[in-house]
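Comments concern the structure below.
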Amino acid sequence: MNKDAQMRAAINPKLIERECVKELLRAKLIECGWKDQLKSHCKEVIKEKGLEHVTVDDLVAEITPKCRALPVSFRLSPVTSGMKRYRLLTET
Amino acid sequence: MDAELVVTPPGCAHLGSFKVDNWKQNLRAIYQCFVWSGSAEARKRKAKSCVCHVCGVHLNRLHSCLHCVFFGCFTKKHIHEHAKAKRHNLAIELMYGGIYCFLCQDYIYDKDIEIIAKEEQRKAWKMQGVGEKFSTWEPTKRELELLKHNPKRRKITSNCTIGLRGLINLGNTCFMNCIVQALTHTPLLRDFFLSDRHRCEMQSPGSCLVCEMSSLFQEFYSGHRSPHIPYKLLHLVWTHARHLAGYEQQDAHEFLIAALDVLHRHCKGEHCTGRSKGEKLKAHGVSLPRPCGNLDPPAAPALPLGSAAWQWAGCLGGPGSQSHRLLPGDDNGKKANNPNHCNCIIDQIFTGGLQSDVTCQVCHGVSTTIDPFWDISLDLPGSSTPFWPLSPGSEGSVVNGESHASGTTTLTDCLRRFTRPEHLGSSAKIKCSGCHSYQESTKQLTMKKLPIVACFHLKRFEHSAKLRRKITTYVSFPLELDMTPFMASSKENRMNGQYQQPVDSLSNDNKYSLFAVVNHQGTLESGHYTSFIRQHKDQWFKCDDAIITKAGIADVLDSEGYLLFYHKQFLEYE
C-alpha cells in the first residue's frame, strides 16, 4: 500500500502537468486559427472527393502532413507559463 | 458547405442486424465502461482491460468489437483481423466513440447511436465535474427547412460592409444613433438577434422594443447601404422612457441605461409605464437634464454615502463578512433593478456584480453587499471632487502597460480610484452592529462578477448646484483591458498577503477588448455625439449619424471618450 501511494505521488503530478500542457496547447492551437485552417482543408478534400466516397482514413492521410506544415504562430512561453500555473496551484 | 451537402445520418445498411433486442442498453454500457468512463471504478476498469488482445498496447487507435469482448488496435490492423475472422463487422473507437463498419470500410453515423453517444458523454463529463463543453452547432429540422427554402447566401469577406449603416438624425437624435451603433456591433447581441432568438412576450407586439431591435439588426445586416431612418425606434423610446421624449438633445449615457432597462423589461413581457426616472426626480425637485446635461448620480451603489438608509447587516468579530441585499432606499434608479434573477439576453450580456465592503474601523468587521450594474461611472480629474491621490499610500503599480507618473490620466487610473478604500469620515459614522455603536468606517468597491460587455461612463458632465460644465480632460484608454486588479478576488489575495500577480496574468477570464466608443463634441449647452465601432476584429469605423467613414485605431484611441464599450475576450460556460 505504501509503495502504491509512493508511486502515485510520484507519477500523478507528472500526469497532471502533462494534461495542463495539453489543454493549454489545444487552446493555443484554436486561438491562432490552426484548427480552423485544418477544418477548411478537410472541407476542401471532402468537396474534391465527394461526400459519398471519402472516408475518415482518407482525411487522416490528407491532413496529417498539413498538420505539421501549417505555420503556427504563438510564443512558446505561454506553454511554460502553463507549467508555472500548475506549480502555483500545487504549492498553495 | 452548401445546404444540399448536409446529410442527416442514416447510418449504414449493416447496422440492421446490430440494432436488435436490447442493443441500446448494451451500447450504453459499452460507452460507460470503455469510452467515456465517468466514475473512478469505470476509469480503473478501462485502464486495466482496454488493451489490444493481440499486442497488448493501449494506444494505436484502440477499438472494441461490438459483437463480442475483444479489443484490438486499428493502426496495426488487429481489430481488422478479428472482424474478418469472426465476421464481426462493427467496432467502436475507444477515444471518441465513433462506430466503424468493416464492410463499408469507414466510420458511420447513425442518428440513434449519435444521440446515445452524446448523452453518455454528457453524463460522464458531469460525473467528472467537467460540466458542459463546447459542441458545434447543428441545425434543427426547422432550421434545415428554412435553409433549403432560402438558398440565397451572403459571404462575409474581410472588406465587406455588411453591418455598417448610417442613421438619419431625426432632430437631435445623435445621442440615440450612437448607442444604436454600439448595440448593433455588440457581437453577442448581434448573434442573438441574427439567430432569431427573440420570442415576443409582450401583449401588444407592436410596442415591443426587443422586436424593434430585432428589425434594426435585420436592417443593419441586410447589405443596404442607404442610411436607415429609425423613426419606429424613436417612437418606442418616447413611449417607454418618457423622460427622454422630445426633440431636445439628451444624454447618450442616460439613453443607454433607459434602453437596456426597457429591453430587459420587454424580454420578460413587462409593459413599462411612464414611471420613469425623470418623473421620480421631478417629484424631488431636481430638474430634468437640459441639453447634453447629466444628472451625475453617485458612482455606485444605489445609495449615497452616509445615508441613513445604509445599514449594517451585522459585523462578525473578525474578518468574516456576509452578503445581503441592500435595502431599498433612496434609489436614484441608476442601477438596474434585478429582483427576479432575470436571465434575459440583456442581463446575460451587460449585468455585472459590484461588491461593496464596509469595514468598521474599530472591530474590523466587514459588511458586504453585491449589487448588479450595467455600467461603471468614473469620476475624472478636473471635477469638483478631488481625483488625486487615489488613496492614502497607494503604489503606482504598472498595470495594463500604463505608467502612473506619465501625467496623462488613464482609464486604469480611474478604475483604481473607483476601487480605492475610502474613509467615510467622522461626519458619516455608521451604526456597527458588532460594536453596537456608531463608528467610523472605510468603504471599498470591487468587481465581484464581470459582465460580458463592460461599459465605462466617463463623467464629463458636471451638474452640481453651483456648477454646470463639461470636463474635457483627456483620459487615455487602452485597446485591451485586464480587469484582474479590480476584482474582489484580487483584493482578497492582497489582503491575505499574497503578492500582486505578475503583469502577464495567467488567467484569461478578465481580459477585455474595446469595440465601441461614444464621443461628445461641444459644450454642455450644445453638442454632437459620434461613435467609433469595431468591425472584423481590426477595422474601425466612425459613425456620424448618416455618415460612416473608415477610421484608424489612432483616431479611436486619441478621441476624448465618453462611453467606452469593452467585450470579454474569452467566454466561459457556466
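What the table below lists for this structure:
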item: At R0 = 41 Å, FRET efficiency that the Cβ-Cβ distance of residue B:69 and residue A:7 yields, to 0.05; result: 0.90
item: Cα gyration tensor, the range B:9-82 - rounded (a/c under 1.5), prolate or oblate; result: oblate
item: Sum of side-chain charges, residue B:424 neighbourhood, beta-carbon under 14 Å (Lys, Arg +1; Asp, Glu -1); result: +1
item: Cα shape, the range B:138-227, gyration tensor, a/c 1.5 rule; result: oblate
item: Approximate spin-label separation residue B:539-residue A:35, in nm, with each point projected 7 Å along Cα-to-Cβ; result: 2.7
item: Distance between the range B:71-99 and the range B:419-476 - C-alpha centres, whole angstrom; result: 67
item: Summed residue charge, Cβ within 15 Å of residue B:78's Cβ, Lys/Arg positive, Asp/Glu negative; result: +3
item: Cα Rg over Rh - the range B:338-384, Kirkwood; result: 1.14
item: Average partner coverage of A:45-57, which counts Cβ from other chains inside 10 Å; result: 2
item: Separation between Cα centres of the range B:158-212 and the range B:110-142, rounded to whole Å; result: 33
item: Label point 7 Å beyond Cα of residue B:508 along Cβ direction - residues of the range B:173-204 with amide nitrogen under 19 Å; result: B:187-188
item: Rg ratio (alpha-carbon, reference 2.2 N^0.38 Å) - the range B:37-117; result: 1.07
item: 20 Å Cα-Cα threshold exceeded, pairs from A:28/B:133; A:49/B:118; B:111/B:155; B:24/B:123; A:22/B:118; B:46/B:126; result: A:49/B:118; B:111/B:155; A:22/B:118
item: Of the trypsin sites (Lys or Arg not before Pro) in the range B:411-464, those whose Cβ has at most 16 other Cβ within 10 Å and which sit in DSSP loop; result: B:429
item: Formal net charge of residues neighbouring residue B:228 (Cβ-Cβ distance under 9 Å; K, R +1; D, E -1); result: 0
item: Label-point separation in nm, residue B:152 to residue B:194, each point 7 Å along Cα→Cβ; result: 1.6
item: Pairwise centroid distance, computed over Cα atoms, of the range B:540-574 with the range B:227-250, Å; result: 23
item: Estimated D of the range B:193-245 in µm² per second, where Rh is the Kirkwood radius over Cα pairs and Stokes-Einstein applies at 10 °C, 1.306 mPa s; result: 131
item: Under 17 Å from the Cα of residue B:449 - aspartates and glutamates, other chains or at least 8 residues apart; result: B:347, B:357, B:371, B:375, B:482, B:492, B:509, B:572, B:574
item: The range B:41-133: trypsin sites (Lys or Arg not before Pro) falling in loop per DSSP and having at most 13 other Cβ within 10 Å; result: B:87, B:133
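We did not get these values from a lab; they are worked out from the coordinates using the rules stated. All values reported here derive from a predicted model rather than from experimental measurement. Glycine also receives a Cβ, built like all others from the backbone with ideal geometry; neighbour counts cover every protein chain displayed.
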